[in-house]
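The values are calculated or read from the model by the stated rules, or taken from the named source; none is laboratory data. Bear in mind that the values here come from a model prediction, so they are computed numbers and not experimental data. Please note: Cβ atoms are built from the backbone with ideal geometry, for glycine as well, and neighbour counts cover all protein chains shown.
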Amino acid sequence: MKKILINFAHPAKSNSRINNTLLKAIEGLDNVTINDLYAHYPDFIIDVEREQHLCAINDIIIFQHPFYWYSNPSIMNEWMELVLKHGWAYGSEQNALKGKHWMQAISTGVDNKSYQKKGSVGYTINEFLTPFKATANLCQMINLPPFMVMGANDGLSHEDINDYAQNYRRVLIALKDETIDLKKILGLTFMNDILSLLKK
């Protein structure tokens, strides 16, 4: 059984119906640790030793966050800059994260049609995620497709969000219980696409 660490970052968590619903759906799952970065570090003073320990004892590291300016909230940048140190996360001396899995769970304001070459944004989600993929590669981690909740500003209903939350839970359970062949999903666009392969 795999252990999952969720590094959650949302500076306005109380106002996020999507992320609050996602977190509630996975609360209490065995072998899943939710690490709320803004709650732990309101002053942005990251406890690097604590964070490295959490990474070391987990097999899958998920970064859950809203898509802020086509990237992540600032505390996540701070986390990466301080925690993923040369000589610990990468480099010739030590590769503490080698072989672990990297994944993102992202909520966006507009839908997937906007994140296309001919859409209003002009670029795909996976193009925006290139720096994250490169970071995972540098740390010799295995990059999994992102789990996406798209169209927050387009009137997602309460039922829609609950469906996403339950699907997120299903994905995490499948990952931790190893009921998915991870090699078969690496070429998928989004982690959501594996849902048809999971048992109801």
Within segment 189-200, restricting attention to residues that are touching a helix residue (DSSP H, G or I) at 6+ places or on another chain (Cβ under 6 Å) and modelled with pLDDT under 85, which residue is surrounded by the most Cβ atoms within 10 Å (Cβ to Cβ)? LEU195
Please verify whether segment 107-120 includes one or more residues that are within 23 Å of LYS13 (Cα to Cα), buried (at least 20 other Cβ atoms within 10 Å of the Cβ) and among the aromatic types (Phe, Trp, Tyr). no
Taking segment 59-89 and keeping only residues that are of a type in the set (Phe, Trp, Tyr) and under 26 Å from LEU188 (Cα atoms), one is left with PHE63, PHE67, TYR68, TRP69, TYR70
Would you mind finding the one in ILE4, ILE61 that is in contact with a strand residue (DSSP E or B) (Cβ under 6 Å, 6 or more places away or on another chain) and over 30 Å from VAL121 (Cα atoms)? ILE4
Would you check which residues across segment 155-188 are in a loop (DSSP other than H, G, I, E, B) and touching a helix residue (DSSP H, G or I) at 6+ places or on another chain (Cβ under 7 Å) and list them? ILE180, LEU188
Of the residues in segment 92-106 that are loosely packed, with under 13 Cβ neighbours inside 10 Å and modelled with pLDDT of 95 or more, the one that is nearest to LEU175 (Cα to Cα) is GLY99
What pairs come up if the first residue lies in segment 178-200 and is free of Cβ contacts under 8 Å to residues at least 60 places away in the same chain and within 10 Å of PRO145 (Cβ to Cβ), the second is of a type outside the set (A, V, I, L, M, F, W, C) and assigned to a helix (DSSP H, G or I), and their beta carbons are under 8 Å apart, counting only those six or more places apart or on different chains? ILE185/ASP193; ASN192/ASN167
